Amino acid sequence: MGLLSDPNRRRALISLLTRLNSPICVVCYMAGVAWFMGLAFEPFTLRTYMSENAMGSTMVEERFPAGERALTTGREFSAHKKKAGGMPVDWLVKTMQARGLEVFTQRFSRKLPFPDENKERYMVKGTNVYGILRAPRAPRTEALVLSAPCTPGDSNNQAVGLLLGLAQYFRNQIYWAKDIIFLVNEHDLIGMQACITFSPDSCRGGSIQAALSLELSSDVITSMDLVLEGLNGQLPNLDLANLFYAFCQKIGVLCTIQGKLQRNDWDSVSGYSHSVQTMMLMVMKQASGRPWGDHGLFLRYHIEAASIKGINSFRQYKTDVTTIGRLLEGMYRKLNNLLERLHQSYFFYLMPSLSHFVSIGYYMPAFGLLAVILLLRALDLWVQLATPPPRTEDGITDKEQVSSPGVLSVLTPLVISHLTGVALYTLPIQFQEMAVEQFPVSETEAVVLTAIGVYTAGLALPHNTHRLLSGEGTEQGWRVLKLVAVLYLAVLLGCTALINFSLGFILALTLVPVAAFVTPHVPKVLSAFILVILSPACTLLFSVFFFQELQELPVSFQEGWLLYLSVISQGILDHFLYGSLVYPLIALLVYPCWLLFWNILFWK
Amino acid sequence: MAAHRCSNCAALLILCSLSVFIVVDSQETTLNGGHHATTVHNPQTTTGTAEQTAEPAVEERRWEATAVEEATPDDDDDAAASDKQDTSAPETVDPSSVPQPKDDFQEELVIRPLHSGDIYASFQFRTVWETDFMRGNKVSHYRLFPKSLGQVISKFSVRELHISFTQGYWRTMQWGQPFQPSPPGAELWVWFQDSVTDVDGTWKELTNVLSGIFCASLNFIDSTNTVQPSASFKPLGIGNETDHRFLRYATLPREIVCTENLTPWKKLLPCGSKAGLAVLLKSEKLFHSSFHSQAVHIRPVCQDWQCKTTSWELRQTLNVVFDLHNSAQGKREWSLFKMFSRTLTEACPLASSSKIYIDITDNPQGEQFEVSPATPLLSQAVVLGDRRTFSVYDLTQQITFGTVRSLNLLIRWKSSEGDMLRPLLHAERYVAGYGLQTGEIHTLMYNNHPYRSFPVLLLDSVPWYLRLYIHTLTVTSKGKDNKPSYIHYQPSKDRLRPHLLEMLVQLPPNSVTEVTVQFERALLKWTEYTPDPNHGFYVGSSVISSLVPSIVAMDTNSTRERPLFSSFFPCKEESSYFVRVYTEPLLVNLPTPDFSMPYNVICLTCTVVAVGYGSLYNLLTRSFQIEEPSPGLAKRIANIIRKMRGVPPL
């Protein structure tokens, strides 16, 4: 700071920064990306460790014996499900009651804003069944949740069977200090939401401390997969992942995250690319902001939750249901020991493997290096604006000329681009009926195509802006506009990265170069092409392909395009159903911000 | 035996004052001849003829005294007893100058097999002492009444004291209504005598003393969790004083009840845990249960019908529910041994009455469960608005113990059904909303009566750190606004007193009434957090007190053996009954700083303030200019010369 209070040195520093602005920006960008890629390198990451004292030192002994019986129950459930053509509510109620639980059912119905073509639903009606194991001598203040979804078709019957088996076993134990809610939810997240948004007959058992959602579709499995990413990229406390990992190690179950096993050869290229893949999958999932399992909605209520999926692949090593039951028993007994909510460990982290994690302190610099580019550009612009142009005679009159249209020339594009954003946010839902009448498309297609249409129409913005603006845009005018836009983008990305690092980082990767290089003086066609390529919509398109590539399920362009359309519709649905923030963030803030740069490119 | 009759009178009086102890009108009937009835009435008639001229009040008291004398194993002849009566008769005309206070002890166990397969055991020990602490009498001789409590009553001028320790929550939907309701944790309410001037000071001292007596954290009761309910807690004993300035009510929902609270409680019993029903109170079994609640109630009661003088009644109650799945391994078969790992061999020798009641109302023909050994004695009583039938085992009779000289009651279920009950009134409560800034407390009150509406008194005491927005208070039933006819609200004062909200709400028939109020979570000072702040902060149970229309009154086409003329207008006692329902306590998370890194935080803030803020402030508020240092005298002179020469200065 002493540096800045000395005017000479300050001047020298600023001149250095303005002179070397572009090279520094390039270096920062490279460094940011390199830092990010380095996060997956094992020596740079930390091993996971249990922070919560109540779950660490006391080892519990797992004794769950009744895996076979659980499978039989699962088959029974499947038969009743077929007979009832959906949730076998009566059978579940009877079975849970026979196991000594307090059983409740909850009916819910929901009308989606437009039909969900992936899951083929529009008017959703369903029933949740949940049985509460009341802990002896506990005052109903705390609870744990174990849920299994009742899905159509033949999947997930084993999960319900195991849930009922565990309920029976748990009921006969005396050591419970928290109520345990055994929930079978219909219509996955919609049912889950009905269950946890508090209403007179929602699943209540005091304040819920932790929740696990179980998915299991075969009698034997090869590995258990842990899904952490919840709504808006929220993650559960890292101790929950640690707990899962610790018990998998103890019981000898293969465990994966993002479907990737852990490898020991971190020093080889393939080992490194494996952990990069794992981490990138997590980043992509988190950035999408949608819940990746039925647990996803709990996180908003400050309830630590995760989904556990049993995977049956063609490996030699098989695990039976009894072992999974013991795994869950161990986890629930440890959670039962909790004296406080899980709070000791990290809430912000990335996992390149189940045994290693990157905490917020390590990954934030990668974003910081990208964000500093914006600040450097802003400084450069500020200096350019502050030093008057080297004309000596009518410098003063020139300045006045510049500043008077300045406000309007900045405000007009700002307002217009935000209005376009509002249109992008509201029109697709508003006009779906009209679109269905006018064109031969379904509602979902109408919504998605309207969204794309509005997005593309926004590209004509410079034309509209100039019609409103009186006279020609000046040299100073675009500088002021760009200064505002760059700072706006910096604040926007900074806030996004704090809430959802992955989303912030991916947006920064594409938008920062745009913000850095765009001026009215660069070659128009080429720049316009680059700008469109780096726009949020195209980022999403590339992300879809990249995600498929990471999952080792490459798709052709045709399939990718269809996937892209369904992702857009999913994003809009997630917002209207669960309150996911990604769609409004893109539509109302990021897209208008990008339009400002588009506007600068076509500045006249 | 006359003491037993006297307790009937007392019980009737209790009913009139809307008691929570609802043991009403217990009439013993016999099945196998009038054997028992004659034993009951024998002494009454004989002494009645012996002393016809005496005052009825004196007569009653004397009977009580003789009953106690005779309860002791010492089997002297009746002449000695009657001699004593004769000598004491002239002295007892003035009740205040009784030389030897007379006391009486009864013990009783009620066992109710529950629908869910669980079993409910409720102990009651009642000590009545004909003495008067009220007028500053110093009493130093104690017999059956525990001295520790007697001293507390006289020192702190307590008129009525009710304290309960509960571990677990009573599951109304599965178990029906309890005989003595109590909230989870500790609850204490005390009526002081109107001679007390500094009620708050006395209350503070009293809680500390009780804390020592019961080994509980009652010393944590202070002004921040004490309220003065205006309507919900009326005196249960005699007396018309209802100025709630002399009432204090507090709950500690976090209090954990265990053996260290049970032992002092057992020590208050005349027989300790050496003999009588208290033998069954073994902590390793009592705390291996679904619900455990122990309580002490002290109140003044009438000595006789005319109620000229008062006596002190101490009731110690203990309720416990054993779980079908944990304690019985899922087998629907209960015995005293299985429940308490003890059997009974004798009554407490000091007790004038010692009985076990088994609720067989749902089992008139023995098709649900069978009870062995069978007993000829049956008793009927209206309990909680419902006419119940009980099998009675009188432990003072040797025949009860049979040939093996030990009583091990066995209840074996024949059918198994575990349907949920629909109690006429029940309530629940929860916190809605997410985030750590605001929230909403929802209280749901269910009236399951098919056609009658009834009013309930809702009492909510919320700690100050949840700042209630009372303007958001809504009461709705059946989707419509339900305006309470009485609201008493006392706002909280930060760190001084809690919110108190009392409302009288009419519950429409067959409805759910929802009371919601929003709150803001306060940010505490860093020393005010508990050692485990992330566990959350407790809000005590809401208390719902009500007169509920009774099931007996609902039973219009009664086919019981009642004369027609008696059943047209519903009887007042039977038409409604008093119920107190407690909701579950709440666990609310407050915004909590990360206490694990105060050092980091302190370092960071100090650095930011010292370096960052200081310099930035400096940069922003000062303008920097380059200023030439003023030249020295020689230089100035040189410059003047140079100026004169027309040469540029140095």
So, in segment A:534-584, of the ones that are among the charged types (D, E, K, R) and either closer than 24 Å to A:PHE501 by Cβ or part of a helix (DSSP H, G or I) (or both), which residue ends up nearest to the chain's Cα centre (by Cα)?
-> A:ASP574
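This table checks each residue for (1) within 30 Å of B:ARG159 (Cα to Cα); (2) over 26 Å from the mean Cα position of the chain (by Cα); (3) part of a loop (DSSP other than H, G, I, E, B).
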position: B:GLN294; (1), (2), (3): yes, no, no
position: B:VAL321; (1), (2), (3): no, no, no
position: B:SER379; (1), (2), (3): no, yes, no
position: B:ARG388; (1), (2), (3): no, no, no
position: B:ILE399; (1), (2), (3): no, yes, no
Looking at segment A:1-13, which of the residues that are part of a helix (DSSP H, G or I), in contact with a helix residue (DSSP H, G or I) (Cβ under 6 Å, 6 or more places away or on another chain) and among the hydrophobic types (A, V, I, L, M, F, W, C) is modelled with the lowest pLDDT?
-> A:LEU3
Identify, by number, the condition in (1) touching a Pro at 6+ places or on another chain (Cβ under 7 Å); (2) of a type outside the set (Val, Ile, Thr); (3) more than 14 Å from every other protein chain (Cβ to nearest Cβ) that B:LEU377 doesn't meet.
-> (1)
Applying the selection to segment A:413-449, what residues are open to solvent by 20 Å² or more (accessible area, probe 1.4 Å) and either among the hydroxyl-bearing types (Ser, Thr, Tyr) or not in a helix (DSSP H, G or I) (or both)?
-> A:THR420, A:TYR425, A:THR426, A:PHE431, A:PHE439, A:PRO440, A:VAL441, A:SER442
Selection from segment B:611-638 of residues within 11 Å of chain A (Cβ to nearest Cβ) and in a helix (DSSP H, G or I) yields B:VAL611, B:GLY612, B:TYR613, B:GLY614, B:SER615, B:LEU616, B:TYR617, B:ASN618, B:LEU619, B:LEU620
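State which residue is farthest from the other protein chains (Cβ to nearest Cβ) when the search covers only segment B:639-650 and only residues that are part of a loop (DSSP other than H, G, I, E, B) and either open to solvent by 100 Å² or more (accessible area, probe 1.4 Å) or on the phi > 0 side of the Ramachandran plot (or both).
Taking segment B:639-650 first, the residues part of a loop (DSSP other than H, G, I, E, B) are B:646-650.
Going one step further and asking which of them are either open to solvent by 100 Å² or more (accessible area, probe 1.4 Å) or on the phi > 0 side of the Ramachandran plot (or both), we end up with B:646, B:650.
Numbers: B:GLY646: 29, B:LEU650: 22 Å.
Ranking the qualifying residues of segment B:639-650, first place goes to B:GLY646.
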Matching residues in segment A:298-357 - criterion: being β-branched (Val, Ile, Thr), within 14 Å of chain B (Cβ to nearest Cβ) and over 24 Å from B:TYR529 (Cα atoms) | none
What number of residues within segment A:88-131 satisfy the criterion of being away from every other protein chain (no Cβ under 14 Å), open to solvent by 20 Å² or more (accessible area, probe 1.4 Å) and in a loop (DSSP other than H, G, I, E, B)?
-> 4
Do we find a residue being modelled with pLDDT under 95 and over 27 Å from B:THR263 (Cβ atoms) anywhere in segment B:203-216?
-> no
Filter segment B:279-300 down to the residues that are open to solvent by less than 10 Å² (accessible area, probe 1.4 Å) and β-branched (Val, Ile, Thr), then identify the one that is farthest from B:LEU318 (Cα to Cα).
-> B:ILE298
Checked pairs for segment A:577-604, first closer than 28 Å to A:PRO523 by Cβ and open to solvent by less than 10 Å² (accessible area, probe 1.4 Å), second modelled with pLDDT under 90 and not in a helix (DSSP H, G or I), C-beta under 8 Å and 6 or more apart or across chains, list as A:PHE597/A:VAL518; A:ILE600/A:VAL518; A:ILE600/A:THR519; A:ILE600/A:PRO520; A:LEU601/A:VAL518; A:LEU601/A:THR519; A:LEU601/A:PRO520; A:LEU601/A:VAL522
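Output the number of residues of segment A:132-165 satisfying the condition of being more than 14 Å from chain B (Cβ to nearest Cβ) and touching a residue at least 24 places away in the same chain (Cβ under 8 Å). If you could, list the steps in order and put the result at the bottom.
Looking only at segment A:132-165, we keep the residues that are more than 14 Å from chain B (Cβ to nearest Cβ), and these are A:145-165.
The next check asks that each one be touching a residue at least 24 places away in the same chain (Cβ under 8 Å); those that pass are A:145-152, A:154-165.
Final tally of qualifying residues: 20.
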Within segment B:196-203, can one find any residue that is open to solvent by less than 30 Å² (accessible area, probe 1.4 Å), under 19 Å from B:LEU236 (Cβ atoms) and under 11 Å from the mean Cα position of the chain (by Cα)?
-> no
Only listed residue being closer than 28 Å to A:TYR175 by Cα and either within 13 Å of another protein chain (Cβ to nearest Cβ) or not small (Gly, Ala, Ser) (or both), chosen from B:LEU281, B:LEU269 = B:LEU281
Output the residue which, of all residues in segment A:358-370 that are in contact (Cβ under 8 Å) with a residue 24 or more places away in the chain and within 14 Å of chain B (Cβ to nearest Cβ), is least open to solvent (accessible area, probe 1.4 Å).
-> A:SER359
Looking at A:GLN173, is it within 11 Å of chain B (Cβ to nearest Cβ) and closer than 17 Å to A:LYS94 by Cα?
-> no
Does any residue of segment B:455-470 turn out to be more than 14 Å from chain A (Cβ to nearest Cβ), charged (D, E, K, R) and under 30 Å from B:GLU502 (Cα atoms)?
-> yes
Return the total of residues in segment B:204-219 being in contact with a Leu (Cβ under 6 Å, 6 or more places away or on another chain) and surrounded by fewer than 18 Cβ atoms within 10 Å (Cβ to Cβ).
-> 1
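Report yes if B:PRO509 is free of Cβ contacts under 8 Å to residues at least 24 places away in the same chain and away from every other protein chain (no Cβ under 14 Å), otherwise no.
No, not satisfied.
Based on this model, can you work out whether B:TYR434 counts as within 14 Å of chain A (Cβ to nearest Cβ), at negative phi and open to solvent by 20 Å² or more (accessible area, probe 1.4 Å)?
Judged against the criteria, B:TYR434 is a match.
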May I ask you to list the residues in segment A:77-100 that are in contact (Cβ under 8 Å) with a residue 60 or more places away in the chain and over 16 Å from A:LEU146 (Cβ atoms)?
-> A:SER78, A:LYS81, A:GLY86, A:MET87
Collect the residues in segment A:119-170 that are under 27 Å from A:ALA66 (Cα atoms) and of a type in the set (Val, Ile, Thr), keeping them in residue-number order.
-> A:VAL129, A:ILE132, A:VAL145, A:THR151, A:VAL160
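The values are calculated or read from the model by the stated rules, or taken from the named source; none is laboratory data. Since the model is a prediction, treat every value here as computed from it, not as a measurement. Glycine gets a Cβ as well: all are built from the backbone with ideal geometry, and neighbour counts include every protein chain shown. All accessible areas refer to the heavy atoms of the entire protein, side chains included, with ligands and DNA or RNA removed. Shrake-Rupley method; radii C 1.70, N 1.55, O 1.52, S 1.80 Å.
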